[in-house]
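The values are calculated or read from the model by the stated rules, or taken from the named source; none is laboratory data. A quick note: this is a predicted structure, and the numbers were derived from the prediction, not measured. With ideal geometry, Cβ positions are generated from the backbone for all residues, glycine too; neighbour counts draw on all protein chains shown. Side chains included, ligands, DNA and RNA excluded: accessible areas come from the protein's heavy atoms. Shrake-Rupley method; radii C 1.70, N 1.55, O 1.52, S 1.80 Å.
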Amino acid sequence: MIYKRSSQLFSEAQKVIPGGVNSPVRAFKAVGGDPIFVEKAKGAYLFDVDGNRLIDYINSWGPMILGHAHEPVVKAVIDKAEKGTSFGMPTAIETDIAAMAVRMVPNIDKIRFVNSGTEACMSAVRLARGFTRKDKIIKFAGCYHGHSDSFLIEAGSGAVTFGVPNSPGVTEGTAKDTLLATYNDLKSVAQLIAENVDEIACVIIEPVAGNMGCIPPTEGFLEGLRKLCDENEILLIFDEVMTGFRLAKGGVQELYRVNADIVTFGKVIGGGLPVGAFAAREEIMNHLAPLGPVYQAGTLSGNPLAMAAGLAMLTELNENSKIFESLAAKTEYLHKGITKVLSENNVIHTVNRVGSMISVHFSETPVTDFKTAALANNDTFKKFFHGMLAEGVYIAPSAFETWFLCDALTYDDLDQTILACKKVASNL
Ligand SMILES: *Cc1c(COP(=O)(O)O)cnc(C)c1O
């Protein structure tokens with residue numbers, strides 16, 4: 001494949017944008033080479049500026065669960081745009097999407113919309129602190145909750161890909177209020193709670209982790225967290241920015257039957273426009289301004305274009321819940337195919353999967369937390385990434401990211417992907 005135009009555009013971008021990208025995970029720093037510039041996308045395919053067609057397993061890092069340029073979403077945005085793109089005043093569509101989200105997701109009464117997953121998580125933690133009147137939070141190593149200060153402590157995703165899980169610029173004062181636990185290890189949480197009696201406002205977690213590759217919760221882990229939180233008057237926040245409206249209509253709360261106190265959303269809920277949201281039962285949400293004392297605001301929050309895209313997306317998912325089964329079946333098929341060809345070529349690997357989230361780790365040990373994720377062979381991953389790309393398959397340019405399937409993928413696309421994997425495996 002030729003990437004001439006992409007490389008040209010990248011060198012122009014680097015002159016005026018730090019690193020040439022507006023979000024670090026888009027750069028190919030972890031795998032080498034220049035990032036690919038997209039011209040357009042449709043369904044399961046990306047078309048780059050050099051005219052290459054790629055089967056897309058990133059799907060904008062999750063939002064495009066039904067494929068790119070999905071007709072009802074595009075139409076909803078165009079129709080809305082013609083009526084004005086922002087007012088800073090209430091619009092009826094905000095209530096429509098809020099009501100739909102509250103219907104689809106268990107255990108929430110009210111929801112507030114923001115502009116990104118980062119903002120959702122940041123606001124959720126402020127709300128938890130305001131509600132409990134406690135300061136400290138517990139997060140898990142390798143989990144990513146956006147780039148706000150409190151979360152850049154052993155963070156996953158781009159933060160770990162680029163070796164800066166603890167970012168300069170985060171003050172010691174902020175960092176000391178973020179306590180770090182180990183994913184899938186209840187004892188580590190219990191110990192932090194015991195050491196900080198009556199100081200912990202909330203535990204925030206990716207209930208199925210997706211930012212250190214895909215790591216499912218082990219049996220009893222989420223239930224155990226629920227119990228620890230209840231016993232110690234701590235709020236449990238499920239960061240469902242990645243998993244919400246992807247693993248099930250009601251997300252992980254529905255899938256694993258564990259209730260959270262506050263849930264955050266992003267990605268799918270915006271249908272590809274910049275949207276985040278956080279939700280909880282009434283008693284908690286009523287602490288927010290203008291009803292309560294916890295301040296939170298946004299000039300473009302609930303933006304009509306964003307709400308139109310999100311509502312169109314949620315409507316599609318709500319009306320056709322078979323989508324989740326269909327996606328899970330496709331992902332299982334891919335899992336089996338990849339495992340088969342890698343094993344036949346004696347490539348040491350572990351594949352993790354939940355629903356339409358899947359990750360391939362070049363690792364001998366099971367990947368259950370950040371430490372075991374970090375043990376994987378990064379050189380093998382680099383070769384694998386570039387090999388797949390040369391075969392027209394686009395996966396995330398980092399071993400610490402999950403692949404997201406979209407329902408526009410056909411079994412023929414999956415077979416092509418497995419075949420590509422087979423060719424690449426023979427050279428690993
Ligand atoms: C992507 C992501 C975020 C951050 O969302 P942005 O929209 O990028 O700010 C937060 N939490 C999780 C679990 C995510 O995957």
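Tabulated data for the structure shown
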{"read-out": "Antiparallel %, DSSP beta bridges [both residues in the range 71-319], to 5", "value": "40"}
{"read-out": "Charged-residue dipole, Cβ positions (Lys, Arg, Asp, Glu), the range 71-319 about Cα centre, Debye nearest 20", "value": "280"}
{"read-out": "Order by protection proxy (mean Cβ within 10 Å, highest first), peptides 243-256, 379-392", "value": "243-256, 379-392"}
{"read-out": "Residue-level accessible surface for Val347, protein heavy atoms, 1.4 Å, Å²", "value": "20"}
{"read-out": "About the Cα centre, charge dipole magnitude for the chain (Lys/Arg +1, Asp/Glu -1 at Cβ), debye", "value": "640"}
{"read-out": "Sequence of Lys75, Lys134, Lys15 from largest to smallest accessible area, 1.4 Å probe", "value": "Lys15, Lys75, Lys134"}
{"read-out": "Potential lengthening between Arg257 and Ser23 on full extension [0.36 nm per residue; Cα-Cα distance subtracted]", "value": "80.8 nm"}
{"read-out": "Accessible area of the range 9-85 divided out per residue, in Å², using a probe of 1.4 angstrom", "value": "52"}
{"read-out": "Distance from the range 201-256 to the range 57-93 (C-alpha centre basis), Å", "value": "28"}
{"read-out": "At R0 = 45 Å, FRET efficiency that the Cβ-Cβ distance of Asp198 and Leu375 yields, to 0.05", "value": "0.75"}
{"read-out": "Charge dipole (the chain, unit charges on Cβ, about Cα centre) - positive-most of Thr264, Leu228, Met242", "value": "Met242"}
{"read-out": "21 Å Cα-Cα threshold exceeded, pairs from Lys249/Lys340; Lys382/Lys423; Lys134/Lys267; Lys15/Lys40; Lys29/Lys176", "value": "Lys249/Lys340; Lys134/Lys267; Lys15/Lys40; Lys29/Lys176"}
{"read-out": "Largest-first ordering by accessible area, 1.4 Å probe, given options Ser426, Ser301", "value": "Ser426, Ser301"}
{"read-out": "Sites matching GluC sites (Glu not before Pro) across the range 50-129 that sit in DSSP coil, with at most 14 neighbouring C-beta atoms within 10 Å", "value": "Glu82"}
{"read-out": "Spacing of the two label points (7 Å from each Cα toward its C-beta) at Asp230 and Thr365, in nm", "value": "3.3"}
{"read-out": "Helix-only [θ]222 nm of the chain, DSSP H runs n ≥ 4, -39500 (n - 2.57) each, per residue, nearest 500", "value": "-11500 deg cm²/dmol"}
{"read-out": "Mean separation of Cα contacts under 8 Å, 6 or more apart, over the residue count of the range 71-319: relative contact order %", "value": "30"}
{"read-out": "Å² of accessible area per residue within the range 177-326, as computed with a 1.4 Å probe and no ligands counted", "value": "36"}
{"read-out": "Share, in percent, of DSSP beta bridges within the chain that are antiparallel, nearest 5", "value": "60"}
{"read-out": "Relative contact order %, the chain, counting alpha carbon pairs below 8 Å whose residues are six or more apart", "value": "22"}
{"read-out": "Debye log10 I(q)/I(0) for the chain, one point scatterer per Cα, at q = 0.07, 0.10, 0.11 Å⁻¹", "value": "-0.32, -0.68, -0.83"}
{"read-out": "Local electrostatic count, Leu405, Cβ distance below 11 Å [Lys/Arg +1, Asp/Glu -1]", "value": "-1"}
{"read-out": "Solvent-accessible surface (1.4 angstrom probe) belonging to Ile78, in square angstrom, nearest 10", "value": "90"}
{"read-out": "Reference-scaled alpha-carbon Rg (2.2 N^0.38 Å with N residues) for the range 71-319", "value": "0.98"}
{"read-out": "Inter-label distance for Lys340 and Ser321, nm, one decimal - labels placed 7 Å from Cα along Cα-to-Cβ", "value": "3.2"}
{"read-out": "Among Gly292, Gln8, Ala194 - extreme Cα towards positive end, dipole of the chain, charges at beta-carbon", "value": "Gln8"}
{"read-out": "Options Leu327, Thr182, Val21, ranked by Cα towards positive dipole end of the chain, top entry (Cβ charges)", "value": "Val21"}
{"read-out": "Heavy-atom accessible area order for Asp109, Asp239, largest first, 1.4 Å probe", "value": "Asp109, Asp239"}
{"read-out": "Peptides 353-359, 84-90 ordered by average Cβ neighbours within 10 Å, highest first", "value": "353-359, 84-90"}
{"read-out": "Of all accessible heavy-atom area on the chain, the percent that carbon and sulfur account for (1.4 Å)", "value": "53"}
